[in-house]
Structures are given as structure tokens and as C-alpha cells.
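S.K.: One structure, pasted below without further comment.
The values are calculated or read from the model by the stated rules, or taken from the named source; none is laboratory data. Since this is a predicted model, take the numbers as computed values, not measurements. Backbone-built Cβ (ideal geometry, glycine too); neighbour counts: all protein chains shown. Quick note on the areas: whole protein, heavy atoms, side chains included, nothing else; ligands and nucleic acids left out. Shrake-Rupley method; radii C 1.70, N 1.55, O 1.52, S 1.80 Å.
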Amino acid sequence: MMDMLTIAMPKGRIFIEAAELLRKAGYQLPPEFDDSRKLILDVPEEGIRFILAKPMDVVTYVEHGVADLGIAGKDVMLEEERDVYEVLDLKISACYLAVAGLPGAKFQEVAPKVATKYPNVASSYFRQQGEQVEIIKLNGSIELAPMIGLADRIVDIVSTGQTLRENGLVEYERIVDITSRLIVNPVSYRMKDVQIDEMVERLSTIIEKGR
Ligand code: PRP
């Protein structure tokens, strides 16, 4: 009998695209899969258990081995160095990290403030630019920060650009392109290599076709 695979999935927008990709790769996921509020979804026919986590927490579940695999944005992988293997670029949920702020607002010369959910990415970016900044860590709604005077700039994800537009902000610099990645716990990769390799193979075939 094959061991069950546990996959940590990010709740929210990546989930929908990831479920679509898995279905295209031939995994039979029940229809209620898409709008359930359950946090553990078993698909015994496929030998897969899905756990639904906050995007930033997916890597933690995989690193601790409670999930064999996970789907995580490259943004999360860049922010913290973690003990997981990144085995496949799923090429879904494409977006990028950018520096944004109010239009025409001058970047203060002395310790400008930068609000972000990605303090490590942001500090290393500004260090590379030779700028000394003060990082303010927020957990969401980052666009608020310059609008209410908490920060001069933000470093955040831009997908459609709608959030920036609707809040009257502009993009100043593009930092790095982001897509979602398939990540694997190193021990699981040794113990369940056959199943994991098969999944990687099936997903790669579909991703290549979609190019
Ligand atoms: C993300 C990101 C931006 C927005 C970008 O936030 O932080 O705010 O999406 O998408 P857009 O360019 O298509 O408008 P999310 O919706 O994940 O919520 P958050 O603010 O709680 O991080």
C-alpha cells in the first residue's frame, strides 16, 4: 500500500489556481474542495490529504514534516531561509514584489520608513541600493501605510495593480518576479520519493504544455 501524501495548501487566491493545476494533472478533487471551510481535506481515492494554511505558514508545516509537500509563493521562500526543497516552479499566481508609495512623494533622505510584510527582502533590497531605511513590519493592508503617514514607501506584492490604483499609489521600482513553487520536506523526499516524483512528473508535464 502506498503512503498517504500530505500537502499544505495556501488559503486564498493561490488555492484556486493550485487546485486547477492539480485537476489538469489528473488528480480527482471533489467539487466541494473549492469552497469548503474545512482545514483538512482528505481525498482517499488519490491517497492525498490537503491541509489549508495561511500562505506564510505553508513552509512551516513542510519544514516540520507534518506536511510532505506544500505550495508556497516565491515571496515566502525569499523572506526566510527554510529547510525545505523547492522542486518545481508551478508558474501559477504570477505577481511581483515592488516598491510603491504616494505619487511625487520624495523619499526622505534621513531614515525613510518602509512598511512591508517582507522585512528581510525589503532590508536586503535597500541595502543593495545603498539606502538606509527604517523597516516597519505589517501583516496586511500594507497600502494603508503611506496613505495615513505611517511610511514613506511600501514593499509589497503587485498582481493586477488594482490595490495600488484604487488607493492612489504608484509603483516606484520592481524588485523581483514571483510565482508559486512546489516545496518538499527533505525526509519525506527520501521516504516517499516514488509518489513525490510521480506528482512532480505529472505537474511538470502540464506546466510544460501550458507554456
Ligand atoms: C495582496 C498584496 C496587495 C494585493 C495586490 O494582498 O499584499 O495588497 O494583494 O494585488 P493586486 O495588485 O491584484 O491588487 P492580499 O489581498 O493578499 O491581502 P493583505 O493585504 O492582507 O496582504
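S.K.: Got a number for residues in region 23-48 being touching a strand residue (DSSP E or B) at 6+ places or on another chain (Cβ under 9 Å) and in a helix (DSSP H, G or I)?
M.R.: Residues meeting the conditions: 3.
Per-residue answers, yes or no, for (1) in a loop (DSSP other than H, G, I, E, B); (2) open to solvent by 40 Å² or more (accessible area, probe 1.4 Å); (3) among the aliphatic types (A, V, I, L, M):
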site	(1), (2), (3)
Leu164	no, no, yes
Arg181	no, no, no
Gln195	no, no, no
Glu198	no, yes, no
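S.K.: Here's another thing I want to ask about it. Identify, please: which residue in region 156-188 is closer than 14 Å to Val99 by Cβ and in contact with a Pro (Cβ under 9 Å, 6 or more places away or on another chain) and is, among those, farthest from the ligand (Cβ to nearest atom)?
M.R.: Step by step, filter region 156-188, then rank; the result is Val170.
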